[in-house]
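Step one of this worksheet: look at the structure below.
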Amino acid sequence: MSGTKLYKNIVNIGGVLIVGLLLAIFITLFLNSYPSIREYKFNFFTSKIWDPVFEKFGALPFIIGTLLTSFISLVISIPFSLSVSLFVSEYYENAFFSRIFETLIDLLAGIPSVIYGLWGFFYVTPIVRNIQIKFLLPPTGVSILTASLVLSIMIIPYASSIAKEVIKLVPNDLKEAGYSLGASQYEVIRKVIFPYAKSGIFAGILLSLGRALGETMAVTMVIGNSIQLPKNIFQPGNTIASIIANEFTEAVGELHLSSLIELGLILFLITLIINLIANLIIKKYTFFEI
């Protein structure tokens, strides 16, 4: 067997294993959440009540909390992610301190989430509490905004690392052609680099969103863990991951446990859809379009 055929066989086997693993996870979650699906049906997505005592469960507050924290953190992190990627790949590509800075940013991805949670609780929470006091809001400190700020820092390495690699793929000939026409560095970045690398940058942003959706420990420590539907970002809330972490070991009733697993199934599907969209963007749009 030639090396090429062996490589293809290994890739095919790996693909089959990954698909099989995803199907196994989905089937396991679906079967264990079926009592909740059968009992509440679509009302599970629209109900705001989460009461284990009377076995009434609704996922709406946690779905809203998950989407709010993830998208707010994504909006906050995008400018910093793009700035970091441009700094290390364009402005100071070969500088020694640029490589150090790049390494430090990558190290952020390796810090345990519980450390981010502790840092957010002792440093970010007082800042948000002062903001709440100025707006005459209950000074809890823990809130949707607090969790979003912590999450935004956590996902910066993911989006910036992908954007950095994509920006480095821009041919020097294209950039030099822009400079020869009298374009400034800002104009080359805006009219040459970004159009060339837009699909990769956008896919990296979506992948970092998938990372934010599933974060558990750091969010649990700073979001407030309220089962009420938040009316604004300064109020405590809950995410799908945090409610599962808080109640899974204490769930004794069949419907309670099944509802928590259904929440996990919802989070699995949301994350899977976002990652599929990111992969489709990478495949559909090449890096060679301007």
Phi angles of the range 107-120, converted by Karplus (6.51 cos²θ - 1.76 cosθ + 1.60, θ = phi - 60°) into ³J(HN,Hα) in whole Hz with x for Gly and Pro, give 5, 4, 5, x, 6, x, 5, 5, 5, 4, x, 5, 4, x
Expressed in angstrom, Rg and Dmax over the Cα atoms of the range 2-289 are 22.2, 72
In the structure shown, of LYS8/LYS198; LYS164/LYS191; LYS8/LYS175; LYS8/LYS283; LYS134/LYS231, the pairs separated by more than 25 angstrom at the C-alpha atoms are LYS8/LYS198; LYS8/LYS175
In order over the range 182-193: 3J(HN,Hα) from phi, Karplus 6.51/-1.76/1.60, θ = phi - 60°, whole Hz, x for each Gly or Pro, gives x, 6, 7, 5, 4, 5, 5, 5, 6, 9, 10, 5
For the range 144-290, the per residue accessible area (1.4 Å probe, Å²) is 45 Å²
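Expressed in nm to one decimal, what extension gain is obtained for the pair ALA183 and LYS231 from 0.36 nm per residue of sequence separation less their Cα-Cα distance?
Gain on stretching ALA183 to LYS231: 12.5 nm.
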Each label sits 7 Å from Cα toward the beta-carbon; between VAL75 and LEU60 the label points are separated, in nm, by 2.2 nm
With 0.36 nm assigned to each residue of separation and the Cα-Cα distance removed, LEU23 to ASN275 gains 89.2 nm
Rounded to the nearest Å, the spacing of the alpha-carbon centers of the range 106-157 and the range 238-260 is 24 Å
Whole-percent carbon and sulfur contribution to the accessible surface of the chain (1.4 Å, no ligands, DNA or RNA) stands at 70 percent
Spelling it out for PHE57: with amide H atoms placed in the peptide plane at 1.01 Å from N, the residues 5 or more places away or on another chain with amide H under 5 Å from its amide H are ASP51
In degrees, nearest 10, the alpha-carbon axis of helix 3-40 is tilted away from the dominant principal axis of the alpha carbons of the chain by 30 degrees
Rounded to whole Å², per residue accessible area for the range 17-56 with a 1.4 Å probe reads 77 Å²
Between LYS5 and MET217, the two model label points (7 Å from Cα along the beta-carbon direction) sit apart by a distance in nm of 4.8 nm
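The values are calculated or read from the model by the stated rules, or taken from the named source; none is laboratory data. It should be emphasised that the depicted structure is a prediction, and the values quoted were computed from it without experimental measurement. Positions of Cβ are backbone-derived with ideal geometry, glycine not excepted, and every protein chain shown enters the neighbour counts. Please note that ligands, DNA and RNA were not included when accessible areas were found on the heavy atoms of the full protein model with its side chains. Shrake-Rupley method; radii C 1.70, N 1.55, O 1.52, S 1.80 Å.
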